[in-house]
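Since the structure comes first, as structure tokens, the remarks are kept for the end.
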């Protein structure tokens, strides 16, 4: 028993083996202080999940639903918590603001139908729950009256493989590692690795328009989706499996990003592919982020499609150990299923050199990329330790066209740094590019700061609001791949076209007339 | 005066210089008979546009709209006619079944706002009209009571160029050639060439989810759109310019394919690019379409992205003169902005050889592709001559995953051939692939048959219905890039998920509560 075990079931990223050990946290403290520049505090003492008010709905459930219902307080607490900074600091302190009244776990699609049918009748808000990795308040039943959390965790597995078309049919509750494990014997991969890979689900990816860690092409789940099947209060919404179609607005694109407000995704056909046969990577140094940005723009505008094109500013290069020279770093990677990479990689290096970047290392690589990916998907574990040591660590991201890139980074960095000084006394903001396009890129900001224990949520909310205002003013989107949820609503509402908001509300009212599906997310 | 001049203003593809000359048609007849295998008939005698009932709405228009209104019969007839076979044969015979009551030509966006505002008040159906090249009954006010045709032809031009992000802001009424001419001084191209290029508009492309002639990647206008601006009866719908965004369902993707039912597109930002620096092409022979299909699948599943990957069956290879050996033909082309093509082209040839294809010619090419494109976009002129000579020539297209490709082609060809025999006595059906994807392709069918003068519409409708039923039964989409319009409604209604139909109707009711926008298309 390490002390954190009880609470870890609510807020932890991993399993029993991953529970933080207080002595290890203590030992980690000096390293954290040195690396982040933020003084580590005493490790937060272990806190058990709080008692919750009894379920009001359990007794009213029909027998068929009672079998799949859980009112266990830890279960309910777990379903009130996503994985944002504000979720974690609250849960670590034993604070569960908006627990669901119940957790319902259907074992098949009919169960989902039954839940929605009962919910519409009972007027019960339903919050779909995949892996629970939302960082935007997507799964927290905030402000809802006795909501039920609809956990898709039992709807898992690979249902069908079309080896000819290289497409796979997966149940929505399947988590990333299980999906990959199921595909592996078929020689296929989804090649889709969001940072939440271990804890996010296929259905969640589709519902939130998730993006994987590759920098260009086939990195948005939008482009992997061949068809979607969802249960709505008005019946099953299933699109035809098609490689492309021009028949009206895409039904799939309406569900993509609907965040559980239009229907509960139960299955999807995704495009898969074999593993790459060839890989090449390079690390380059850039004088600064702006110069690196111009180089990266040059690459993608020359028609190159690097699998990895991760530009990090000097601060983040130092923080991650990518480069400790005070320069920005560009990690560039190309992959191919079959064609040789020489032409592209030579051009890429030439364009980077022309743009003033310096090649530190380059060449074919074997599994180096997978090692990096492994570190990438392990980041959530490290973050838990930082939080327990009283370090504010959170990220936010956006996308912007190239013409406004430099100004956006400058404005957002300034506004966020200023807010950190005001709110936390100090703090750092670093920036990297996670995704690049011919017409723009996705800047991703990391914030590190000391916080006052007990005031973490208020402090972060103030910083986040300042950052979001700056993002909006600079013309960026409030989210490139973290979704809207409840946390991004104020900025999302201003960002989206007004008639589109009407259209979306009209669409929702038509399929969910009682408004039971994830109220407060996107709409309502 | 050639005789066809008067009618040509209604149904002709080109300008005054392109009016068919009867003597030339007569001279063309033996060639047509020989090439198509369909005996040419006497050229259809020139027919003047018919008289139309007087406008009912003109007198009721407010003065501001009267300035932009035309009740000229030829103008009204022109706006009742798209460019499908059934449109052309009717118009060539002087038959205008559903003329709009008026044509309204706003000169700016405020004019569009004024039209919609008046229309909502007056309950007047509004049919947006870009270039008028719909082949699915998208612009014909069929079954509508005194509809007005809203012609965007005066809202043209390049408004803004963002050279840094390589994006351009174009007014919706801009036709293909004008858009390219405006971009050329900036060293940019949209690289978007649908067969209707000369007569279709930027706004029409977006409204109908048009596809260009390239076979892979950046060939759907969906992927070129950076933002859209549209006027709806509930205000202006304008999305933020973004290279990517994960904030809720995409507002742009809801307008893409909305075919004028949700709003009138007035402007769009499109992604542009420089002209390719390198081109390579090859012509290969395949024993048959199925073998060619396997080869093509091998290419795209190996990660290759050929700009051109046009596989035509033996019949079409002979018809187009691509190959006269009784084999299927594959025209393969690669393009690059900067990177060398050698690796990809060598792999492509190797994979094709492995699949049993024979290389007839291959190598770098200069403007050969542009010559081909020129022939491609000139096809509508040839088609007019065929129609005037009494030859039924029409196309229809679909998309299907690879696992069902062979069966779909066989079933659709059999059903269509059977219908032609029944309806026309004889006729041929050929097939090509216009677009290819890792998980499937877009088969495109061409029909040639003799028809009875005066019965063309009924004959074609019967054949088209048989073909569409076979497409639907084989799992294809009713359209890959020709849109739904009014002609595809029965199959579209069956194809789309029922709750999606509810959602779309709900969205429309919210932004267009009086239901004035293009009723009968997609909905209603």
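The values are calculated or read from the model by the stated rules, or taken from the named source; none is laboratory data. Keep in mind that this is a model prediction, so the values were computed, not measured. FYI the Cβ positions are ideal-geometry reconstructions off the backbone, even for glycines, and counts take in every protein chain you see.
Things to note:
- Residue A:307 being buried (at least 16 other Cβ atoms within 10 Å of the Cβ), closer than 14 Å to residue A:434 by Cα and not assigned by TED's automatic domain parsing to the domain that holds residue A:23: yes
- The test for being assigned to a strand (DSSP E or B) and more than 10 Å from every other protein chain (Cβ to nearest Cβ) holds for residue B:169.
- Test for residue B:87: is it surrounded by 22 or more Cβ atoms within 10 Å (Cβ to Cβ) and either in the same structural domain as residue B:142 (by TED's automatic domain parsing) or farther than 18 Å from residue B:140 by Cβ (or both): yes
- Test for residue B:142: is it modelled with pLDDT of 95 or more and crowded, with 24+ Cβ neighbours inside 10 Å: no
- Filtered residue count, region B:334-349, keeping only those that are more than 9 Å from chain A (Cβ to nearest Cβ) and more than 22 Å from residue A:350 (Cβ to Cβ): 1
- Being buried (at least 19 other Cβ atoms within 10 Å of the Cβ) and either at pLDDT 95 or above or out of contact with any helix residue (DSSP H, G or I) (no Cβ under 9 Å at 6 or more places or on another chain) (or both) holds for only one residue in A:55, A:33, and it is A:55.
- Residue check for residue A:51: under 26 Å from the mean Cα position of the chain (by Cα) and touching a residue at least 12 places away in the same chain (Cβ under 8 Å): no
- Entry remark, region B:390-403: residues being more than 24 Å from residue B:86 (Cβ to Cβ) and either more than 12 Å from chain A (Cβ to nearest Cβ) or crowded, with 21+ Cβ neighbours inside 10 Å (or both) number 3 in total.
- The requirement of being over 30 Å from residue A:460 (Cα atoms), in a loop (DSSP other than H, G, I, E, B) and touching a helix residue (DSSP H, G or I) at 6+ places or on another chain (Cβ under 6 Å) is fulfilled nowhere in region A:110-124; no residue meets it.
- Put simply, of A:434, A:428 the only residue that is away from every other protein chain (no Cβ under 11 Å), modelled with pLDDT of 95 or more and in contact with a strand residue (DSSP E or B) (Cβ under 6 Å, 6 or more places away or on another chain) is A:428.
- The condition (being under 27 Å from the mean Cα position of the chain (by Cα) and assigned to a loop (DSSP other than H, G, I, E, B)) is satisfied by just one residue among A:81, A:32, A:89: A:81.
- When residue A:161 is tested against the conditions (1) in contact with a helix residue (DSSP H, G or I) (Cβ under 9 Å, 6 or more places away or on another chain); (2) away from every other protein chain (no Cβ under 12 Å); (3) surrounded by fewer than 24 Cβ atoms within 10 Å (Cβ to Cβ), the lone failure is (2).
- Taken over region B:213-235, the criterion of being more than 25 Å from the chain's Cα centre (by Cα) and facing chain A (nearest Cβ under 7 Å) is satisfied by B:234, B:235.
- Checking B:466, B:507 one by one, the residue that is assigned to a helix (DSSP H, G or I), farther than 22 Å from residue A:243 by Cα and more than 8 Å from chain A (Cβ to nearest Cβ) is B:466 and no other.
- Only one of the numbered conditions (1) touching a residue at least 12 places away in the same chain (Cβ under 8 Å); (2) closer than 22 Å to residue A:138 by Cα; (3) surrounded by fewer than 24 Cβ atoms within 10 Å (Cβ to Cβ); (4) within 14 Å of chain B (Cβ to nearest Cβ) is violated by residue A:493, and that is (1).
Okay, residues lined up against (1) in contact with a helix residue (DSSP H, G or I) (Cβ under 6 Å, 6 or more places away or on another chain); (2) surrounded by fewer than 23 Cβ atoms within 10 Å (Cβ to Cβ); (3) touching a residue at least 12 places away in the same chain (Cβ under 8 Å):
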{"site": "A:445", "(1), (2), (3)": "no, yes, yes"}
{"site": "A:468", "(1), (2), (3)": "yes, no, yes"}
{"site": "A:476", "(1), (2), (3)": "yes, no, yes"}
{"site": "A:504", "(1), (2), (3)": "no, no, yes"}
{"site": "A:511", "(1), (2), (3)": "yes, no, yes"}
{"site": "A:518", "(1), (2), (3)": "no, no, yes"}
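- Verdict on residue A:43 being surrounded by 20 or more Cβ atoms within 10 Å (Cβ to Cβ), under 25 Å from the mean Cα position of the chain (by Cα) and more than 26 Å from residue A:176 (Cβ to Cβ): no
- For region A:145-155, residues that are part of a loop (DSSP other than H, G, I, E, B) and in contact (Cβ under 8 Å) with a residue 24 or more places away in the chain total 6.
- Selection status of residue A:445, within 18 Å of the chain's Cα centre (by Cα) and either within 14 Å of another protein chain (Cβ to nearest Cβ) or modelled with pLDDT under 95 (or both): no
- Filtering B:242, B:256, B:262 for residues that are over 24 Å from residue A:404 (Cα atoms), without any contact (Cβ under 8 Å) to a residue 60 or more places away in the chain and within 8 Å of chain A (Cβ to nearest Cβ) leaves a single hit, B:256.
- Qualifying residue in region A:404-415 (condition: surrounded by 21 or more Cβ atoms within 10 Å (Cβ to Cβ), more than 14 Å from chain B (Cβ to nearest Cβ), within 27 Å of residue A:304 (Cα to Cα) and touching a strand residue (DSSP E or B) at 6+ places or on another chain (Cβ under 9 Å)): yes
- Search result, residues across region B:312-328 that are in contact with a helix residue (DSSP H, G or I) (Cβ under 7 Å, 6 or more places away or on another chain) and assigned to a loop (DSSP other than H, G, I, E, B): B:313, B:323, B:324, B:326, B:327
- Residue check for residue A:498: surrounded by fewer than 20 Cβ atoms within 10 Å (Cβ to Cβ) and in contact with a strand residue (DSSP E or B) (Cβ under 7 Å, 6 or more places away or on another chain): yes
- Out of B:318, B:302, one residue alone is surrounded by 15 or more Cβ atoms within 10 Å (Cβ to Cβ), in the same structural domain as residue B:281 (by TED's automatic domain parsing) and within 16 Å of residue B:432 (Cα to Cα). It is B:318.
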